[in-house]
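Structure, as structure tokens:
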Amino acid sequence: MRTDDADVLVIGAGVSGLTTAVRLAEADLRVRIWSADPAEATTCFAGGAMWGPYLVEPLDKVRIWSRQTLDELRKLARQPNMGVRLVAGIEASRMPAEPPECQRPV
Ligand SMILES: Cc1cc2nc3c(=O)[nH]c(=O)nc-3n(C[C@H](O)[C@H](O)[C@H](O)COP(=O)(O)OP(=O)(O)OC[C@H]3O[C@@H](n4cnc5c(N)ncnc54)[C@H](O)[C@@H]3O)c2cc1C
């Protein structure tokens with residue numbers, strides 16, 4: 001594997017790796033991505049997903065990161081052909097449940 005033409009080697013081509021690679025490229029670094037599988041084989045490819053933090057800490061930072069992520073997703077959804085579309089939904093439970101932490105008032 002050649003890495004001498006890159007400043008950074010990102011390992012993994014899922015949402016974490018690709019997002020990291022884009023941010024580094026936007027900072028004018030030469031980025032090479034290496035992945036065991038093609039991007040089409042990652043967990044996050046072509047799946048519908050709910051926005052919201054789950055089992056991550058520290059909560060004070062997670063609140064900020066989550067909002068920033070939602071803002072980015074909304075920006076992407078406003079552009080054509082970005083592969084991001086926002087849809088409303090209802091999360092239901094057979095038992096009484098509290099709203100997710102990120103949706104509680106600050
Ligand atoms: C069924 C299911 C439902 C989910 N639902 C949601 C949801 O609703 N909302 C949500 O936010 N999240 C959800 N998640 C979680 C979310 O999909 C993952 O957290 C996210 O996709 C992980 O992205 P990633 O880039 O970190 O990892 P991945 O997408 O798994 O990518 C990992 C990358 O690393 C590469 N790699 C792995 N090992 C090596 C190695 N040794 N050498 C080189 N490359 C390697 C792989 O080839 C791949 O390119 C769900 C996950 C699952 C399984």
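Summary table below
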| quantity | calculated |
| --- | --- |
| Percent carbon-and-sulfur accessible area, region 1-47, ignoring ligands, DNA and RNA, probe 1.4 Å | 55 percent |
| Helix-only mean residue ellipticity at 222 nm for the chain, each DSSP H run of n ≥ 4 adding -39500 (n - 2.57), per residue, nearest 500 | -10000 deg cm²/dmol |
| Positive minus negative residues near GLY14 (Lys, Arg vs Asp, Glu; Cβ under 12 Å) | -2 |
| Between 0 and 90°, nearest 10: helix 59-78 axis offset from the chain longest Cα axis | 70 degrees |
| Evaluated at q = 0.14, 0.16, 0.24 Å⁻¹: base-10 log I(q)/I(0), Debye formula over Cα of the chain | -0.76, -0.95, -1.40 |
| Contour excess over end-to-end distance, with Cα ends at PHE45 and ARG94 and 0.36 nm allotted per residue | 14.7 nm |
| Simple Cβ-charge dipole of region 48-106, Lys/Arg +1 and Asp/Glu -1, about Cα centre, in debye nearest 20 | 260 debye |
| Acute angle (nearest 10 degrees) that the helix 15-26 long axis makes with the longest principal axis of the chain, alpha-carbon atoms | 60 degrees |
| Contour excess over end-to-end distance, with Cα ends at LEU73 and LEU24 and 0.36 nm allotted per residue | 15.8 nm |
| Space enclosed by the convex hull of the alpha-carbon atoms of region 48-106, per residue, Å³ | 110 Å³ |
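The values are calculated or read from the model by the stated rules, or taken from the named source; none is laboratory data. Bear in mind the structure is a predicted one, so any value in this text is a computation, not a measurement. Neighbour counts are summed over all protein chains in view; Cβ atoms, including those assigned to glycine, are modelled from backbone coordinates with ideal geometry. All accessible areas refer to the heavy atoms of the entire protein, side chains included, with ligands and DNA or RNA removed. Shrake-Rupley method; radii C 1.70, N 1.55, O 1.52, S 1.80 Å.
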